[in-house]
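See structure below.
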Amino acid sequence: MPSVLDELVALLSLERLEENLYRGQSQDLGWGVVFGGQVLGQALTAAMRTAPEDRSVHSLHAYFLRPGDVKAPIVYDVDRIRDGTSFTTRRVVAIQHGEAIFNLAASFQRPEAGFSHQDERPKVPPPEALPTDQERFARHGAALPAAVKAWALAERPIESRTVEDDDPFNPVAGPPDRSVWFKARHRLPDAPGLHQALLAYASDSAFLTTAMKPHAATWWTRGMQVASLDHAVWFHRPFRVDEWLLHVMHSPSAAASRGLVFGKVYTRDGQLVATTAQEGLTRKRD
């Protein structure tokens, strides 16, 4: 029986319908709607399928427009904007029930040498010293609401271990910072594009809760309406998602019911491999 990671890898491969047109199915992880990271990964894969083989993605910028129906297929329509000497640009629209639910712009570059510098990775405990996020949720046992338990304790394709020991059901106000170790649950093929799509998938986690930390709020705080609005990833250096990566997040601002968060993704040996950003709705209703 395939694991949830095997299922995700298969979903990312997409079905080709026509030139520049692809179809993807969804994995139900207990959210009730399509996980935004899945649409990110599939849209990026669709763009990759139309880009020259000698070029890899260096950035993506995306907008979440509508919630996705987890029971219906998603069609990805790729627009081949430009193929230049060094760079390739693609635009992808994800369509469901005749409406756009997501759009993405991605830029690809042929390999080049050049200047190199980076921020240092902060010192945090290694992943082996931390419980998994599922183990953290399991501590609450019977106190978990039924709707939350199905999602919180289910097996996930990407294992995550949060450095900060926060209680999501009894939050305390704190600095707008969060660090999460993550990696795929088993070894993956040597396909750089797959690892980039999976990093995009995994990057859509823990962002908005970081912006809510100073306000002692989480996804489960009564009256909270939380949703991703836009998302960006810049890829800097080669990496593997089946080896531990550290996502270090910081929220510089929350205003007008929106929270902004920036992130840096490091390898275990301290290489900065990606920079991330997301703004999302963090609306508190009375």
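The values are calculated or read from the model by the stated rules, or taken from the named source; none is laboratory data. Fair warning: this is a prediction, and the values are worked out from it, not measured in the lab. Backbone-built Cβ (ideal geometry, glycine too); neighbour counts: all protein chains shown. Heavy atoms of the whole protein, side chains included, go into the accessibility calculation; ligands, DNA and RNA do not. Shrake-Rupley method; radii C 1.70, N 1.55, O 1.52, S 1.80 Å.
Among the conditions (1) more than 17 Å from the chain's Cα centre (by Cα); (2) over 20 Å from residue 192 (Cα atoms); (3) surrounded by fewer than 18 Cβ atoms within 10 Å (Cβ to Cβ); (4) modelled with pLDDT of 95 or more, residue 65 misses just one, which is (1).
Of the residues that sit in the range 116-134 and are in a helix (DSSP H, G or I) and under 21 Å from the mean Cα position of the chain (by Cα), which one is modelled with the lowest pLDDT? Once the filter is applied, the top-ranked residue is 134.
Within the range 135-167, restricting attention to residues that are among the acidic types (Asp, Glu) and under 17 Å from residue 185 (Cβ atoms), the residue that is modelled with the lowest pLDDT is 155. Yes or no: residue 95 in a strand (DSSP E or B), of a type outside the set (Gly, Ala, Ser), closer than 29 Å to residue 42 by Cα and open to solvent by 50 Å² or more (accessible area, probe 1.4 Å)? Spelling it out, residue 95 is indeed in a strand (DSSP E or B), of a type outside the set (Gly, Ala, Ser), closer than 29 Å to residue 42 by Cα and open to solvent by 50 Å² or more (accessible area, probe 1.4 Å). For residue 256, the conditions (1) touching a residue at least 24 places away in the same chain (Cβ under 8 Å); (2) on the phi > 0 side of the Ramachandran plot are fulfilled apart from (1). Within the range 251-284, the residues that satisfy the criterion of being over 17 Å from residue 178 (Cβ atoms) and hydrophobic (A, V, I, L, M, F, W, C) are 255, 256, 272, 273, 281.
Against the conditions (1) open to solvent by 20 Å² or more (accessible area, probe 1.4 Å); (2) part of a loop (DSSP other than H, G, I, E, B); (3) at pLDDT 95 or above, residue 188 satisfies every one except (1). Scanning the range 30-40 for residues that are open to solvent by less than 30 Å² (accessible area, probe 1.4 Å) and either at pLDDT below 95 or polar (S, T, N, Q) (or both) yields a total of 5. For the range 275-286, the set of residues classified as open to solvent by 30 Å² or more (accessible area, probe 1.4 Å) and either assigned to a strand (DSSP E or B) or more than 24 Å from residue 223 (Cβ to Cβ) (or both) consists of 275, 279, 283, 284, listed by residue number.
Given 124, 57, which one is touching a Phe, Trp or Tyr at 6+ places or on another chain (Cβ under 6 Å) and closer than 27 Å to residue 272 by Cα? Steps first, answer last, please.
On the way: 124 fails: touching a Phe, Trp or Tyr at 6+ places or on another chain (Cβ under 6 Å).
Of 124, 57, the one residue that is touching a Phe, Trp or Tyr at 6+ places or on another chain (Cβ under 6 Å) and closer than 27 Å to residue 272 by Cα is 57.
For (1) of a type outside the set (Val, Ile, Thr); (2) touching a residue at least 40 places away in the same chain (Cβ under 8 Å), each residue gets a yes or a no:
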residue: 11; (1), (2): yes, no
residue: 42; (1), (2): yes, yes
residue: 50; (1), (2): no, yes
residue: 70; (1), (2): no, yes
